[in-house]
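Have a look at the structure below, then the notes.
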Amino acid sequence: MSATRGWSTELEGLRGIASLWVLVGHISLLIHCHITLISSPGIGVDLFILLSGYLMAKNYVERQQKEPWQSATTIKKFWIRRFFRIAPLYYLLLIVALIYGPWFGEMRDTIAQFYSATATESSRYSDQSLANILTHFSFLFGLLPAYGFNTVLPDWSIGLEMQFYALFPFIMLVVLRFGYAVSLTGIMVLCCVGRYLLADYYEAFVMPSMILIKLNMFLSGMLLAEAVRRKALLYVAFALLGPVASVVIGLQAIKLQIIMEVLMIVGMAAILWQYAPDGLMARLIALPRRLLNNRLSTWLGDVSFSVYLLHLLIVIPAIALMLSHTSLGDKSDIIRFATLCAICIPITYALASLLYKCVEKPGILLGKKVLAPRPVEQDIVN
């Protein structure tokens, strides 16, 4: 197994953990069962963000010889790849979420009748206005406080991801001019300054769907990719400025989340680092790598995007129906949690596997066909 392929497989395992974390975290929150760490699905999203920054930077650097960063064609190819990776599945589930939004809102209200502390504004599920539809199909919703958290899908982070993709090629041009450390830490500082210059705008978001609120964690992932490529611990230290920026920005950031951001950066560095084959660190890190490289972990990573985007469409009605049609609400917190996990996890992963095979992979293939060079027509000599 090559180093590059090994890293990618381990990252798939981490992505699988992140999606499962978000799934069980939302189950625990919705049935009002607090479990330390598990009941913080936002930390799982932070892991997704770190992985995204890492992978974008790693792949962009590896393609630099064939796809120069200064080329407009390179930027176009990058955007097309990312669009076809995200959009086909997203658009399919967005249509479902918009059409059946009022029903999901009713299911959400049912849950709130049992656990009032979990109540949310269910009207956001039923918004079928043209403005909501257009902002979501154009991926602009993440920049608009009124629409950034306005469907049953956890798509606030999808809008965030697409904003990062839009900016990423230009961030890399800045890197080319000023270097990784200066450029990325400087952009983090700008995000922190924006928190106070645009305080009302930052604070208007129910979820951190606007890029300046979470860009620091994408940048930490990029710095981590450079740390691994250079084998430079100094860049790991630069990556740890991301959690520092989270403290400064401060929106919805809890102490546990900051601690976990630090641990995830350090942990990713430890797992992805290249060690001497017979060294102590290589032996210490062998078990985590095997756990992330096995077939189950790789499969979890393959279906992670489908699981993430789909899971609330399963979890919300499952919880509402179980509470309203059984005596599950009378059981202990842990019994409720275990029961709903036993119901929701198999259904979600079964459907996610189908979506991965039938929507995600064909979407990626379509993107490759769009990018494929067209055959040059040759004159036929009679």
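The values are calculated or read from the model by the stated rules, or taken from the named source; none is laboratory data. Fair warning: this is a prediction, and the values are worked out from it, not measured in the lab. Don't worry about glycine lacking a Cβ; one is built from the backbone with ideal geometry, like all the others, and counts go over all protein chains shown.
Tabulated results
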{"item": "Flag if ALA87 is modelled with pLDDT of 95 or more and surrounded by fewer than 19 Cβ atoms within 10 Å (Cβ to Cβ)", "result": "yes"}
{"item": "Whichever residue in region 317-334 is free of Cβ contacts under 8 Å to residues at least 60 places away in the same chain, of a type outside the set (Asp, Glu) and assigned to a helix (DSSP H, G or I) and, among such residues, is surrounded by the fewest Cβ atoms within 10 Å (Cβ to Cβ)", "result": "HIS325"}
{"item": "Filtered residues of region 346-369 (kept if among the small types (Gly, Ala, Ser) and over 19 Å from the mean Cα position of the chain (by Cα))", "result": "ALA350, GLY367"}
{"item": "One residue from VAL307, VAL303 being in contact with a Ser or Thr (Cβ under 7 Å, 6 or more places away or on another chain), within 21 Å of SER209 (Cα to Cα) and either small (Gly, Ala, Ser) or surrounded by 19 or more Cβ atoms within 10 Å (Cβ to Cβ) (or both)", "result": "VAL307"}
{"item": "Residues of region 131-147 that turn out to be touching a Ser or Thr at 6+ places or on another chain (Cβ under 7 Å) and either surrounded by fewer than 22 Cβ atoms within 10 Å (Cβ to Cβ) or of a type in the set (D, E, K, R) (or both), as a count", "result": "1"}
{"item": "Residue match in region 8-26 (condition: more than 15 Å from the chain's Cα centre (by Cα), within 25 Å of LEU251 (Cβ to Cβ) and modelled with pLDDT under 95)", "result": "no"}
{"item": "Some residue of region 61-72 being modelled with pLDDT of 90 or more and crowded, with 19+ Cβ neighbours inside 10 Å", "result": "no"}
{"item": "Residue satisfying all of: in region 114-130; in contact (Cβ under 8 Å) with a residue 24 or more places away in the chain and either touching a Phe, Trp or Tyr at 6+ places or on another chain (Cβ under 7 Å) or not aliphatic (A, V, I, L, M) (or both); surrounded by the most Cβ atoms within 10 Å (Cβ to Cβ) among these", "result": "TYR125"}
{"item": "Any pair with Cβ under 6 angstrom, 6 or more apart, that starts in region 160-173 at a residue that is under 21 Å from PHE149 (Cα atoms) and ends at one that is surrounded by 21 or more Cβ atoms within 10 Å (Cβ to Cβ)", "result": "LEU160/GLY142; LEU160/SER209; LEU160/LYS214; MET162/PHE139; GLN163/GLY142; PHE164/PHE218"}
